[in-house]
Amino acid sequence: MHSIKIKTKQNEYEVSIGRGYKEGISDILMKDYPKSKFAIITDENVAGLYINEFIKALNEKKRTFDVITIAPGEKSKSISQFEKIVRLLADKNYNRADVVVALGGGVVGDLAGFVASAFLRGVGLVQVPTTLLAQIDSSVGGKTAVNIPEGKNLVGAFYHPSAVYIDMDFLKTLPEADFADGMAELIKYALIKDEQMFRLLELSERIDADSEVLQELVIKCLEIKRDVVMADELDKGERMKLNFGHTIGHGLERMCAQSGIPMTHGQGVARGMAAITQASERMGQTQAGTAQRIISVLNKQRLSSSISEFDKTQILKGILVDKKNIADKINLILIDRPGNSFIHTVDASSAKEYIV
Ligand code: GLY
């Protein structure tokens, strides 16, 4: 088992990465928290595959726990779902020594994390991410949130887990499209911080849940995330580099959501990384040929890389309404070559130059 330690202002925690140990996670939990009750928050898909293992082990040791199963998808990351869960915890007399366990992908992790941060002003939180995206990104670093009609992730808190358990074998049951979504973020880590990792991706064939190289790549992503989070926990500088591809990606996601076009986060980020690099290359800010290298790596991992079929004015509208824009400035993340990123702040009025 590989372990990565993350030190934050709030706490210090370990991210454990391995294969084939998920059946033992409930035993680890019971050992680490000998007196706590567990509120396991999961979704219907994950529960169908994995919850029985947890229930059986906890029942065998006569431990007290609740399984809270939500509908899969972004709609569950809501204030009303949050309220239902905290009221259930209150009703069942959960206290500060008890632990919320997030068993699932990004939606479960963000919602459960926010519940843990707010209930009694903070109870224990353990993340057990089951998607590639959650394993390399959302389960680590303490960002928790729910959505409101005015925007995604607008209500939340920085609240770190006390442990993260990553078993690569969870990915064996992940639908192919969700796996590709996670690959977009994985490629992003290489592009912003690790040239060698990008070279490895250029040399690799299509990667899937069984690929030997996957665990090594996941560990590299988590090491980058650790360094970035420890340098800038509250997302005011260095951490913003994790948003490479996200400005155009989010604009595209917003536009598609309004028009009823399916567009996942990873697909948006993939297209966003290619598009912003084509623009920065055109402006002489990026080494020539970089965008084509990115496109080749994305396409090999089943990710589309073009925004040409979408209305650019609408994408721009989606970018400009982002509540993260401050005083009409947009922080674009660019790379000058694979492995080296920088923040380029532009006036909102100049943002369109990076999309056309
Ligand atoms: N997902 C980006 C971050 O954790 O800052």
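The figures follow:
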{"item": "Odd one out for residue 156, checked against (1) touching a Lys or Arg at 6+ places or on another chain (Cβ under 8 Å); (2) open to solvent by less than 10 Å² (accessible area, probe 1.4 Å)", "result": "(2)"}
{"item": "Selection from the range 9-32 of residues that are aromatic (Phe, Trp, Tyr) and closer than 20 Å to residue 212 by Cα", "result": "21"}
{"item": "Residue ID - least open to solvent (accessible area, probe 1.4 Å), chosen from residues in the range 29-71 that are within 19 Å of residue 93 (Cα to Cα) and assigned to a loop (DSSP other than H, G, I, E, B)", "result": "36"}
{"item": "Subset of the range 133-158 that is among the hydrophobic types (A, V, I, L, M, F, W, C) and more than 16 Å from the chain's Cα centre (by Cα) - its residue that is nearest to the ligand (Cβ to nearest atom)", "result": "155"}
{"item": "Test result for residue 215, more than 16 Å from the ligand (Cβ to nearest atom), open to solvent by 30 Å² or more (accessible area, probe 1.4 Å), in a helix (DSSP H, G or I) and over 30 Å from residue 173 (Cβ atoms)", "result": "no"}
{"item": "Sole exception among (1) within 16 Å of the ligand (Cβ to nearest atom); (2) at pLDDT 95 or above; (3) closer than 20 Å to residue 75 by Cα; (4) more than 12 Å from the chain's Cα centre (by Cα) for residue 161, by number", "result": "(3)"}
{"item": "The range 287-307, subset β-branched (Val, Ile, Thr) and open to solvent by 10 Å² or more (accessible area, probe 1.4 Å), residue farthest from residue 199 (Cα to Cα)", "result": "307"}
{"item": "Within the range 164-188, considering residues that are part of a strand (DSSP E or B) and either open to solvent by less than 10 Å² (accessible area, probe 1.4 Å) or within 16 Å of the ligand (Cβ to nearest atom) (or both), the one farthest from residue 305 (Cα to Cα)", "result": "164"}
{"item": "Condition check for residue 87: in a helix (DSSP H, G or I), among the basic types (Lys, Arg) and surrounded by fewer than 24 Cβ atoms within 10 Å (Cβ to Cβ)", "result": "yes"}
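The values are calculated or read from the model by the stated rules, or taken from the named source; none is laboratory data. Quick caveat, the model's predicted, so the values are computed rather than measured. Methodologically, a virtual Cβ is constructed for each residue, glycine included, from the backbone with ideal geometry; neighbour enumeration extends over all protein chains shown. Each accessible area value is taken on the protein alone, full model and side chains, heavy atoms only, with ligands, DNA and RNA left out. Shrake-Rupley method; radii C 1.70, N 1.55, O 1.52, S 1.80 Å.
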